Amino acid sequence: MKIAVFVSGRGSNLQAILDYRQKIKSIDVEAVVSDKLNCPAFEIAKRNSIPVFSIGSKEGCITYDQLGGLLEELKVELIVLAGYLKLIPVDFVKRFENKIINIHPALLPSFGGKGMYGMNVHEAVFKSSAKVSGATVHIVDPVYDHGKIVAQQCVDISNVRSPEEIAERVLMIEHKILPYVVGKFAEGKVKIINERVVIID
Ligand code: GRF
């Protein structure tokens, strides 16, 4: 399965997907895309000879419409948002309906929505005194962190002393659950039955 990965920062989830290709060899990362002109995740892409593209109006950037045409030409079947911080425009979501997934570092629908990204999430979870957190992979629709949930995994945080400890434990889960879901898409095992997403194991 040909995929594109959208990033904004460090790229550790991109790296986790690239590493997972040892297990699921049918995953081809055709492009890495960012709202940034450069970021550490682009360095990971270049080290793996994967083309990178920046979205925006600055010189050297392409528009979402141009990107859509490019991804269709590359025959990309799945778009993975891995730390991508911008809201995807509605017409782009519609163009790739049910083919865009996102990883969120909390158990949606809790602790999601506009402004809930990175440490903001873990600080909110910490302050709530929640005893579990985790990661969610969901299908992207036009609303932040709102689409149908594909997979979740939780982690005990009852003994944490800081939001940073939560972030560390959740990131380890992200690096497992995101590649797992990409692999299931590659195997054609993610279905929507009676409006509910199921993974056929
Ligand atoms: C992850 O915590 C992810 O859940 C959130 O942004 C972070 C991306 O980290 N959406 P990385 O760039 O993949 O290391």
Can you give the calculated 222 nm mean residue ellipticity of the chain, where each DSSP H run of n ≥ 4 adds -39,500 (n - 2.57) and the sum is split over every residue, rounded to the nearest 500 deg cm²/dmol? -10000 deg cm²/dmol
Gained length - Gln153 relative to Glu72, 0.36 nm times residue gap less alpha-carbon distance: 26.0 nm
Give, as a single signed number, the net charge of other residues whose beta carbon lies under 14 Å from the beta carbon of Pro109, with Lys and Arg counted +1 and Asp and Glu -1. 0
Taking every C-alpha to C-alpha distance in the range 17-88 and binning by 5 Å from 0, the per-bin percentages run 3, 14, 26, 28, 19, 7, 2, 1
What percentage of the solvent-accessible surface of the range 29-126, computed with a 1.4 Å probe over protein heavy atoms, is contributed by carbon and sulfur atoms? 54
Computed FRET value (nearest 0.05) for Val143 with Lys2, which takes r as the C-beta separation and R₀ as 35 Å: 0.85
Asp19 neighbourhood, Cβ < 14 Å, K/R = +1, D/E = -1, net charge +4
Counting only protein heavy atoms and rolling a 1.4 Å probe, one gets per residue an accessible area for the range 2-199 in Å² of 50
Whole-Å distance, taken between Cα centres, linking the range 141-156 and the range 38-96: 21
At R0 = 25 Å, FRET efficiency that the Cβ-Cβ distance of Ile199 and Lys58 yields, to 0.05: 0.05
Computed from the mean reciprocal separation of all distinct C-alpha pairs, what Kirkwood hydrodynamic radius does the chain have, in Å? 17.1
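The values are calculated or read from the model by the stated rules, or taken from the named source; none is laboratory data. Remember, it's a predicted structure, so these values are computed and weren't measured experimentally. Virtual Cβ from ideal backbone geometry, glycine too; neighbours counted across all protein chains shown. Remember, those area values only see protein heavy atoms, side chains included, never the ligands or the DNA or RNA. Shrake-Rupley method; radii C 1.70, N 1.55, O 1.52, S 1.80 Å.
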